[in-house]
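Working notes, beginning with the structure itself.
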Amino acid sequence: MAEGESASWRPRIVAFCCHYCAYTAADLAGAARLQYSPSVEIVRIPCTGKVDVIFLLKAFTSGADGVYVAGCLDGDCHFISGNIRAKARIAAAKNLLAEAGLEPERLEMFQLSAAEGDRFRLLADEMTARIAKMGPSPIAKRATGE
Amino acid sequence: MIVAERKPYEEIRAMLAPYKKVLVFGCGGCVTVCATGGQKEAEILAEELKLTDAKDGVSREYVVKTVERQCEREFLAEAASEIGAVDAVLSLACGAGVNLLAEAYPKPAVLPAMNTTFLGVNDSPGVWVERCKGCGDCILHTTGGICPVARCSKNILNGPCGGTHDGKCEVSDEIDCVWALIVKRLTETNALDGYRRIVPPKDWRRGGHGGPRKMTREELIK
């Protein structure tokens, strides 16, 4: 159980994972039987460049406590610059979250390669620990009446 | 295009306070092109508002819709049922769209989500700059196609002024001295003769100082 988690509450984290790196790394983590946080729910995407700000905001309005986008390392994007564009969008989305009254730290962008199954595990656990420490999103909290 | 920027979030929140059902209304024209008030931006704004409402325990319903252009009655009519079903319309169009909404639909409150800023062009991805002031009496043929009315900080017609330095404006080093640009272009195109002539004061009545402007095309009036 991560720090901040309780028997009654476990964070819900949506991870938008690029098919060419993070998703494959998650697959590798699975094949290697590496245990990673069950709080992380993966959404496979063709490229982080496909991630629109609206997807991120909708994840939060739908009750996610944390959201992260995991894309390729700089220079490795299958579509040349999707990951670079995603980084700029995530920065903009963090500003929108802050405006809306949520902690921008609930949203993050990570970069890794398809070969980094162990790093995928580490990032999933790190994000879970971060969100668990912050507690439930004020929106999810209200929706569940906590 | 008409360039408009979204108003500060807190200002929008304050405007919405009395209303329970709101249409977040995008415009498919200029504000879509300058990436501030189209369908995507309307959806993002509605989602952001929903987040804050959920956090603060505010109960308010949002409908999101975008029409081709809010500055034409025919296009506004496509959203008539949505407009008729809400207490307030939060328009992401320029001021022209907001005005027409208020004229065409007397019932709901009409609220501007944007500050309409200027007539401009897309300089580079993510950057829009002012290029026209709509002065109603174009002089671009005398200035090499570069507008001193819109781009000189003093709007002067006989420039440059004493504040020009190294091709920049005294207001800010980030602003090009438009008169330096004009002289450069006129020199390059062998058209400096017109520049030597003193330009008399402009008739600003055509620039909006003679009351609201109107254009008519008799042959189009039914």
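Values quoted throughout were computed directly from the atomic coordinates according to the rules given, and no laboratory measurement underlies them. Source: prediction; values computed, not measured. Here Cβ is always computed from backbone atoms with ideal geometry, including for glycine, and neighbour counts include all displayed protein chains.
Would you mind counting up the charge near A:F16? Only other residues with Cβ under 9 Å from its Cβ, with Lys and Arg at +1 and Asp and Glu at -1. Write down the numbers at each step before the final one.
Numbers: positive: A:R44, A:K50; negative: none.
That sum, taken over residues with Cβ under 9 Å, equals +2.
Find the relative contact order for region B:1-119 and round it to a whole percent, using C-alpha pairs within less than 8 Å whose residues are 6+ positions apart.
Values: 236 pairs, mean separation 42.8, N = 119.
Result for region B:1-119 is 36 percent.
So if I take the centroid of the Cα atoms in region B:127-167 and the same for region B:1-73, what is the distance between those two points in Å?
Region B:127-167 and region B:1-73 have Cα centres spaced 34 Å from each other.
Please say if chain A is rounded, prolate or oblate, where rounded means a/c under 1.5 for a ≥ b ≥ c the square roots of the C-alpha gyration tensor eigenvalues, and otherwise the choice is prolate for a/b larger than b/c and oblate otherwise?
It comes out oblate by the Cα gyration axes.
Could you tell me the center-to-center distance, by alpha carbons, between region B:174-221 and region A:67-137 in angstrom?
Computed from Cα coordinates, the inter-centre distance equals 50 Å.
Given a cut-off of 21 Å, name the pairs among B:K7/B:K40; A:K94/B:K65; B:K21/B:K50; A:K50/B:K40; B:K21/B:K65; A:K58/B:K21 whose C-alpha atoms lie farther apart than that in the structure shown.
From B:K7/B:K40; A:K94/B:K65; B:K21/B:K50; A:K50/B:K40; B:K21/B:K65; A:K58/B:K21, over 21 Å: A:K94/B:K65.
Taking a quarter of the surface of the convex hull around the Cα atoms of chain B, what do you get in nm²?
On the way: hull surface 64.7 nm².
If you wrap the Cα atoms of chain B in a convex hull and average its projections, you get 16.2 nm².
Summarise the partner chain shielding of B:10-17 as one whole number: the mean count of Cβ atoms from other chains within 10 Å of each residue's Cβ. Before the final figure, lay out the partial values.
Working: counts 1, 0, 1, 3, 0, 0, 0, 0.
Taking the mean over all residues of the peptide, I get 1.
Using Cβ counts within 10 Å as a stand-in for footprinting exposure, how do B:H141, A:H78 rank, fewest first?
Numbers: B:H141 9, A:H78 14.
Placing the least packed residue first, the sequence is B:H141, A:H78.
Wrap a convex hull around the Cα atoms of the protein assembly as shown, take a quarter of its surface area, and give that in square nanometres.
Details: hull surface 101.3 nm².
One quarter of the hull surface, i.e. the mean projection, equals 25.3 nm².
Students often forget the sequence filter, so: which lysines lie under 29 Å Cα-Cα from B:K202 once same-chain residues fewer than 8 apart are removed?
Correct list for B:K202: B:K133, B:K154, B:K168, B:K184, B:K214.
Which of B:W128, B:W179, A:W9, B:W204 comes first, and how do the rest follow, when ranked by fewest Cβ neighbours within 10 Å?
B:W204, A:W9, B:W128, B:W179
Can you pull the mean other chain C-beta count within 10 Å for peptide B:50-60?
Partner-chain Cβ atoms within 10 Å, mean over residues of B:50-60: 5.
Could you work out the local net charge near B:P212, counting Lys and Arg as +1, Asp and Glu as -1, over the other residues with Cβ closer than 14 Å to its Cβ?
Values: positive: B:R205, B:R206, B:R213, B:K214; negative: B:E103.
The answer is +3.
Would you mind counting up the charge near A:E116? Only other residues with Cβ under 12 Å from its Cβ, with Lys and Arg at +1 and Asp and Glu at -1. All intermediate terms of the calculation are to be shown ahead of the outcome.
On the way: positive: A:R119, A:R121; negative: A:D27, A:D76, A:D118.
Spelling it out: positives minus negatives among the neighbours equals -1.
Roughly how compact is region B:133-207, stated as its Cα Rg over 2.2 N^0.38 Å to two decimals? Don't skip to the end; give the middle numbers.
Details: Rg = 12.1 Å, N = 75, 2.2 N^0.38 = 11.3 Å.
That works out to 1.06 for region B:133-207.
Inside 10 Å of the C-beta atoms of A:56-62, what's the mean count of C-beta atoms belonging to other chains?
4
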